[in-house]
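The values are calculated or read from the model by the stated rules, or taken from the named source; none is laboratory data. This is a predicted model, so every value here is computed, not measured. Here the Cβ positions follow ideal geometry from the backbone for every residue, glycine too, while neighbour counts run over all protein chains shown. Side chains are part of the model used for accessible areas, which takes the heavy atoms of the whole protein and leaves out ligands, DNA and RNA. Shrake-Rupley method; radii C 1.70, N 1.55, O 1.52, S 1.80 Å.
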Amino acid sequence: MTRLAQTLGLTEFQTEIVSTVRRFVDKEIIPAAQELEHSDTYPQAIVDQMKEMGLFGLMIPEEYGGLGESLLTYALCVEELARGWMSVSGVINTHFIVAYMIRQHGTDDQKQKFLPRMATGETRGAFSMSEPELGSDVAAIRTRATKQADGDYVIDGQKMWLTNGGSSTLVAALVRTDEGADKPHRNLTAFLVEKPTGFGEVVPGLVIPGKLDKLGYKGIDTTELIFDGYHANADDVLGGVTGQGFFQMMDGVEVGRVNVSARACGVGIRAFELAVRYAQQRQTFGKPIAEHQAVAFQLAEMATKVEAAHLMMVNAARLKDSGERNDVAAGMAKYLASEFCSEVTQQSFRIHGGYGYSKEYEIERLMRDAPFLLIGEGTSEIQKNIISKRLLADYRI
Ligand SMILES: Cc1cc2nc3c(=O)[nH]c(=O)nc-3n(C[C@H](O)[C@H](O)[C@H](O)COP(=O)(O)OP(=O)(O)OC[C@H]3O[C@@H](n4cnc5c(N)ncnc54)[C@H](O)[C@@H]3O)c2cc1C
């Protein structure tokens, strides 16, 4: 093995696109990331190049102008991007989930209207389930769409934690509608909300207050969204049928979990790369620290974790691509990769000694980015809920 996280059985095109993204990351992202991150600056030039490379349309079918690639190809590209800077992978993550949901669940009109513009990156997606009072407990959503006499809706309520909230132009928002169903999640509907980029009252009844200040995951905008008498057309309901939003969003989140695993792999790979280099440069007691067994063993542990996470991520992506249900595989991959990423960044940080605490060293950023992966697309506890429920059903005595 010459490098970690190799993937067997890729097509020529997959190999080519992944190495193109890797070169792009090495040349354009890694050298720019520190400065952009520390100043919390949106990586516009990088995003523009990603548009040109077709990355926004990677999984959008060719008939709508995309590259029609698999979830695996997408995840491998995301792994490379996150290796450079996690925030850059975040720019395409919510976009990819929304495009996936429209592809899977949208009406023909919605596909025709949005997918070609999403493939070029002209329309950019964000997705919104979380609210100030809830994140894990999605079925408890309070934001409400009230049906009007003419069949349209008025939406009121507050959403929280929208990744790309300000820079997106299309938000898939999960809200409550009155379906009269006894199970709360059957009373949820996904609306496709179009808006311009920016902050403030961007359209009547829809306010994006401003960027939330975060520990890491900087550069990219994370926002609230306030609906205050926002008017939505009946045509804005994803798939045209109300009461289906929970299932549509969970389908999107499932591919999103593979994507978060891929990001965790990318951050972990970078943390390892930094550690293995530093350990050979830094001398203590007359030799490079890599020659102290305690440090060498750390490197071995880190590499093993990176490799295991990568294999589980690839497995979950391939399972979804094969058309099989992958909730358990995606949950396991997300859980393991995000936990390992956290451990590997911490180990790399320790190997850097005092310099790991300095803003001059890249590991400092990775230490602040990694914790988000434990939370986004469902916390580790929520993954364990999903995994254990399915296992107890499958292994029922
Ligand atoms: C930077 C950032 C970006 C985000 N982007 C988006 C986005 O684009 N769109 C979006 O919709 N959301 C987004 N989120 C929200 C994210 O999905 C939620 O934060 C996450 O799902 C957890 O929800 P919560 O914060 O409400 O925590 P809570 O649900 O309040 O959980 C708090 C703690 O309790 C634990 N817990 C909760 N329920 C259980 C249970 N049943 N069993 C065991 N333990 C439990 C959790 O694991 C956690 O440790 C983002 C969050 C962050 C920080």
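Key figures for this structure:
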{"quantity": "Subset of Lys147/Lys211; Lys27/Lys51; Lys113/Lys384; Lys211/Lys320; Lys211/Lys389; Lys147/Lys183 violating a 28 Å alpha-carbon distance limit", "calculated": "Lys147/Lys211; Lys113/Lys384; Lys211/Lys320; Lys211/Lys389"}
{"quantity": "Estimated inter-spin distance, Thr197 and Phe297, nm [label 7 Å along Cα→Cβ]", "calculated": "5.0"}
{"quantity": "Part-to-part distance (alpha-carbon centres) for the range 153-216 and the range 273-313, which is given in Å", "calculated": "43"}
{"quantity": "Tensor-based shape of the range 325-397 (alpha-carbon gyration tensor, a/c under 1.5 rounded, otherwise prolate or oblate)", "calculated": "prolate"}
{"quantity": "Max mean-square fluctuation residue, GNM over the chain, Cα-Cα springs under 10 Å, options Gly205, Gly323, Gly54", "calculated": "Gly323"}
{"quantity": "Förster-model FRET efficiency, 56 Å R0, Ala149 and Gln280, C-beta, rounded to 0.05", "calculated": "0.20"}
{"quantity": "Rg/Rh (Cα only; Kirkwood hydrodynamic radius) as it applies to the range 12-120", "calculated": "0.99"}
{"quantity": "Residues of the chain: accessible area per residue with a 1.4 Å probe, Å²", "calculated": "43"}
{"quantity": "Among Gln283, Gln104, Gln14: highest mean-square fluctuation, GNM of the chain, C-alpha pairs under 10 Å", "calculated": "Gln283"}
{"quantity": "Net length gained if the chain between Thr20 and Asp394 were fully extended (0.36 nm per residue, minus Cα distance)", "calculated": "130.5 nm"}
{"quantity": "Cleavage-rule hits, trypsin sites (Lys or Arg not before Pro), the range 243-330, DSSP coil, Cβ neighbours within 10 Å at most 16", "calculated": "Arg282, Arg325"}
{"quantity": "The chain: relative contact order as a whole-number percent, Cα under 8 Å and 6+ apart", "calculated": "16"}
{"quantity": "Cut-off under 5 Å, modelled amide H: who pairs with Leu225 long-range", "calculated": "Lys159, Met160"}
{"quantity": "Phi to ³J(HN,Hα) by Karplus 6.51 cos²θ - 1.76 cosθ + 1.60 over the range 93-109, Hz, x for Gly, Pro", "calculated": "4, 5, 4, 5, 5, 5, 4, 4, 5, 5, 4, 7, 10, x, 6, 4, 4"}
{"quantity": "Simple spin-label estimate for Glu273 and Lys287 in nanometres, 7 Å along Cα-Cβ", "calculated": "2.8"}
{"quantity": "Relative contact order %, the range 125-243, counting alpha carbon pairs below 8 Å whose residues are six or more apart", "calculated": "30"}
{"quantity": "Value of Rg to Rh for the range 204-340 (Rh from inverse mean 1/r over Cα pairs, i.e. Kirkwood)", "calculated": "1.16"}
{"quantity": "The range 214-284, Rg to Rh (Cα coordinates; Rh as Kirkwood inverse mean 1/r)", "calculated": "1.24"}
{"quantity": "Share of carbon and sulfur in the accessible heavy-atom surface of the chain [1.4 Å probe, %]", "calculated": "52"}
{"quantity": "The range 12-120: relative contact order in percent, alpha carbon pairs under 8 Å with at least 6 residues between", "calculated": "32"}
{"quantity": "Over the range 265-384, equivalent-ellipsoid semi-axes from the Cα gyration tensor in Å", "calculated": "31, 15, 10"}
{"quantity": "Cα-only Debye scattering, the chain: base-10 log of I(q)/I(0) at q = 0.09, 0.10, 0.15 Å⁻¹", "calculated": "-0.53, -0.65, -1.39"}
{"quantity": "Selected from Ala316, Tyr355, Ser19, residue furthest toward positive end of dipole (the chain; charges at beta carbon)", "calculated": "Tyr355"}
{"quantity": "Gaussian network model of the chain, springs between alpha carbon atoms under 10 Å - residue of Ala308, Ala190, Ala172 with greatest fluctuation", "calculated": "Ala308"}
{"quantity": "The chain: angle of helix 71-84 to the longest principal axis, Cα-based, in degrees nearest 10", "calculated": "60"}
{"quantity": "Globularity index of the range 79-125, i.e. its alpha-carbon radius of gyration over 2.2 N^0.38 Å", "calculated": "1.27"}
